[in-house]
Amino acid sequence: MLAYGGGSATIAYLLFQWLGKTWIENKFAQRLDQLRHQQALDLQRLRVEIDAMLSGALKLQEKEFSILPEAWAKLDEAHGLVSWLVSPMQQYANVDSMNAAQLEEFLIGTDFTESQKDEVRNTHEKGHTYQDIVFWHRLHKVKTTFGELQTFVARNGIFLPAELEEKFSKISELLWSALVSKEVGHEAKDWKMQREGWTKIKDETEPLYKAIKCEIQARLQSHGHKQQINP
């Protein structure tokens, strides 16, 4: 009985050991499968997130690539017109030297209103009156172009790098300040104030204008290179 009991105990122990090992191995295999499955899910989720991030980055780059040339074109036009208006060197037709017939032919070719044409016709200071009217026409044209620049940057600045958007905002402030100096100085016949507008353009706006140009060129070249690598 002792021998039999001892043998049964040994068999039971070995059976328990074998069953326990098998159970542990099965549990380990199940856990390993679960971990592999979870890892596969995590990798798939990560892949989707990375693809979405890359897709978003590429779309943002494409948007910026399309916006930059137009933003530069509007800035270049606004900068050129403001510089032209505030420049101390202005050219005007010499209406004082025209006879009545010549003056009439000349006025027909302008975009003056009829009342403005009458102002020139009926004054003894034709040259001064003509130049004053021309100034306000030019100012209106410049302000319209400047407004287009501001509107474009306000709508599309979100697609520009923060630093570049800040530079656009800064140069817009400088251009507007130069315009105001010229306009107020013209109204007040204050040549010093008008000169301040030109000084602001030369000393502050020009360096920033060139910096923006260089940055836009660099970004366009960078985007172009990336598009060649990733067609």
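The values are calculated or read from the model by the stated rules, or taken from the named source; none is laboratory data. Only a predicted model underlies this, so the values are computations on that prediction, with no experimental measurement involved. We place every Cβ from the backbone using ideal geometry, glycine too, and count neighbours over all the protein chains shown. What goes into the accessible areas is simple: the full protein's heavy atoms, side chains included, and nothing from ligands, DNA or RNA. Shrake-Rupley method; radii C 1.70, N 1.55, O 1.52, S 1.80 Å.
Given the options 222, 177, 172, name the one that is within 15 Å of the chain's Cα centre (by Cα) and small (Gly, Ala, Ser). Checking each option against the conditions leaves just 172.
Among residues belonging to the range 104-151 that are part of a helix (DSSP H, G or I) and small (Gly, Ala, Ser), point out the one that is least open to solvent (accessible area, probe 1.4 Å). Outline the logic, then answer.
Keep residues of the range 104-151 that are part of a helix (DSSP H, G or I), which gives 104-108, 114-121, 126-151.
In the following step, the residues that additionally are small (Gly, Ala, Ser) were identified as 115, 127, 147.
Values: 115: 74, 127: 8, 147: 25 Å².
For the range 104-151, the residue satisfying everything is 127.
Looking across the range 165-176, the residues that are out of contact with any Lys or Arg (no Cβ under 7 Å at 6 or more places or on another chain) and either surrounded by 18 or more Cβ atoms within 10 Å (Cβ to Cβ) or small (Gly, Ala, Ser) (or both) come down to 167, 168, 169, 171, 172, 175. Residues in the range 127-156 that are among the aliphatic types (A, V, I, L, M) and touching a residue at least 12 places away in the same chain (Cβ under 8 Å): 133, 134, 139, 142, 149, 153. Between 154, 93, 101, which is open to solvent by 30 Å² or more (accessible area, probe 1.4 Å) and outside any helix (DSSP H, G or I)? When all the criteria are applied, what remains is 93.
Working carefully through the options 70, 64, find the one that is at pLDDT 70 or above, within 34 Å of the chain's Cα centre (by Cα) and open to solvent by less than 80 Å² (accessible area, probe 1.4 Å).
Selected residue: 64, the only one of 70, 64 that is at pLDDT 70 or above, within 34 Å of the chain's Cα centre (by Cα) and open to solvent by less than 80 Å² (accessible area, probe 1.4 Å).
When residues in the range 178-203 are screened for being within 27 Å of residue 70 (Cβ to Cβ) and open to solvent by 40 Å² or more (accessible area, probe 1.4 Å), 3 of them pass.
Results for (1) modelled with pLDDT under 80; (2) open to solvent by 70 Å² or more (accessible area, probe 1.4 Å); (3) of a type in the set (D, E, K, R), shown as yes or no for each residue.
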residue: 32; (1), (2), (3): yes, no, no
residue: 45; (1), (2), (3): yes, yes, yes
residue: 54; (1), (2), (3): yes, yes, no
residue: 80; (1), (2), (3): no, no, no
